[in-house]
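Everything below concerns the one structure shown next.
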Amino acid sequence: MKRIVIKFGGTSVMDSGRIKHVARLVESVQKDGYEVVVVVSAMGHTTDHLLQLAADVGRCPNPRELDLLISTGEQVSAALLAIALEESGVKAQSYTGAMAGILTDEHFGQAKIKHVHTEALLAALKAGYVPVVAGFQGVSGKGDVTTLGRGGSDITAIALAASLAAERCDIYSDVDGVYSADPRILSQAYKLPSISYKEMHELACNGAQILNARSVEMAMRRAVPIRVRSTFDPADSGTLVEDSPHHAGNFAGLSCLTTQSHVQLHCDAGGGLRSQSWKKNIIALLLEAGIHVEVGSTLKGTAGQLHFAVERADLAAALDLLAQKTGETIPPVVDNHLAKISVVARDVRSSIEVESIVALTRAGLPIVMMTSTEHRLSLFVPIELRESALRVLHDKFAFLKIAA
């Protein structure tokens, strides 16, 4: 029999009415001839509520206790959905991450899955049950409950799909697929029938909040197809994330991220690290401290300068480290008011980079910094101009259909 893993996000199980709707959807998938394993997120904003409760009673909660606390949200969803399925005549059993055999490391709050012991779930499937697994969580080798970080239920679903040799993993939420841009910002954005793992990973890492980036990386590594679908329009086929996409042309989509700061350093700020390789030394210093940076360039060139982006949450630590280690005489120039607009394509090294620069320049939109990979070109623009930049680039690539 065919096997599928389906995951429902928080908006899909927000209340009892929606849980009953999800139960009917699961029943219909089972009637289509599938063995079904379900993964659920916490109801609505439950996780945020639990985190606030922890903050109300303790200034600096122990990460172990936090994980035990916030894991309960998904367990509530799993139990309620199992009850709803049983009520509709579908045999179902709920499972915590530990009961489902999800073994993780001991990194509370950001645990990584080490192995999935599938015996319990396979036995349930063989007995005709639909296992409903609480997402976002696992158990360490010491028996402690761990959580996988924001969006961790996606990771749970992909890990189970891979370990159970499922045909694919369907991710249901309140969006009906992956779009060429955020349709809430650009009404002309269109849905992609399919997109590659690499393209989806770039979008997920750079502001698109459709799938967890780590889950896409795992799906790519384990060759698990993902279908992004709407809980509220299940007849729509959504977007398939796979190895070989079928979208037309080179262009895949746009994303926007507003959580990074741009830092500019002059060579005179190298201090004790000043040398021919001063830029590499400074970047290495930050990376060794666990601070991820993205080195960029400017249209005016970067001779004698270092430009990089850093998450705003890491900015203070980065600046403190630079001050301590470099003894800078010229302070860094920091800009916290930028938007990172990313153009994702099969190959941005074709005409994408030149066309993007020309399009924004002709529209009078300044480019503060640029970074790129094989599948992504990111352009940092003033945050108040982000919608204009998205519109210009979408018009350029989505409608002119630049070929690979």
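The values are calculated or read from the model by the stated rules, or taken from the named source; none is laboratory data. All figures in this text were calculated on a predicted structure; none of them were measured in a lab. Here the Cβ positions follow ideal geometry from the backbone for every residue, glycine too, while neighbour counts run over all protein chains shown.
Does ILE19 meet the test of being at pLDDT 95 or above, under 21 Å from the mean Cα position of the chain (by Cα) and either in the same structural domain as GLU65 (by TED's automatic domain parsing) or part of a strand (DSSP E or B) (or both)?
In short, no.
Across segment 188-235, which residue is surrounded by the fewest Cβ atoms within 10 Å (Cβ to Cβ) among those that are without any contact (Cβ under 8 Å) to a residue 12 or more places away in the chain and within 27 Å of GLN110 (Cα to Cα)?
ARG221
Would you check if there is a residue in segment 83-104 being over 28 Å from HIS21 (Cβ atoms), of a type in the set (Asp, Glu) and surrounded by fewer than 22 Cβ atoms within 10 Å (Cβ to Cβ)?
No: segment 83-104 contains no residue that is over 28 Å from HIS21 (Cβ atoms), of a type in the set (Asp, Glu) and surrounded by fewer than 22 Cβ atoms within 10 Å (Cβ to Cβ).
Could you tell me whether ALA309 is modelled with pLDDT under 95 and within 21 Å of the chain's Cα centre (by Cα)?
no
Pick from segment 388-404 the residues that are exposed (fewer than 15 other Cβ atoms within 10 Å of the Cβ) and part of a helix (DSSP H, G or I): which of them is modelled with the lowest pLDDT?
LEU400
In segment 113-217, which strands (runs of 3 or more DSSP E) lie fully inside it and hold 2 or more residues that are over 17 Å from GLY10 (Cα atoms) and among the hydrophobic types (A, V, I, L, M, F, W, C)?
Qualifying strands (runs of 3 or more DSSP E): 113-116.
So which residues in segment 48-72 are among the hydroxyl-bearing types (Ser, Thr, Tyr) and assigned to a helix (DSSP H, G or I)?
Correct list: THR72 only.
Which one of these is closer than 23 Å to GLY143 by Cβ, in a strand (DSSP E or B) and in the same structural domain as ALA159 (by TED's automatic domain parsing): GLN93, GLN110, GLN75?
GLN93
Give just the number: which of (1) assigned by TED's automatic domain parsing to the domain that holds SER372; (2) surrounded by 13 or more Cβ atoms within 10 Å (Cβ to Cβ); (3) modelled with pLDDT of 90 or more; (4) among the small types (Gly, Ala, Ser) does GLY238 not satisfy?
(1)
Which of the residues spanning segment 313-349 are modelled with pLDDT of 90 or more and closer than 23 Å to SER180 by Cβ?
Across segment 313-349, the qualifying residues are LEU338, ALA339, LYS340, ILE341, SER342, VAL343, VAL344, ALA345.
Scan segment 357-379 residue by residue and report those that are over 20 Å from the mean Cα position of the chain (by Cα), surrounded by 15 or more Cβ atoms within 10 Å (Cβ to Cβ) and not small (Gly, Ala, Ser).
ILE357, LEU360, LEU365, ILE367, VAL368, MET369, MET370 - these are the residues of segment 357-379 that are over 20 Å from the mean Cα position of the chain (by Cα), surrounded by 15 or more Cβ atoms within 10 Å (Cβ to Cβ) and not small (Gly, Ala, Ser).
Enumerate the pairs (first residue in segment 144-166 and in the same structural domain as THR72 (by TED's automatic domain parsing) and within 19 Å of LEU69 (Cβ to Cβ); second residue anywhere and assigned to a helix (DSSP H, G or I) and at pLDDT below 95) with beta-carbon separation below 7 Å, excluding pairs fewer than 6 apart on the same chain, so at least 6 apart or on different chains.
none
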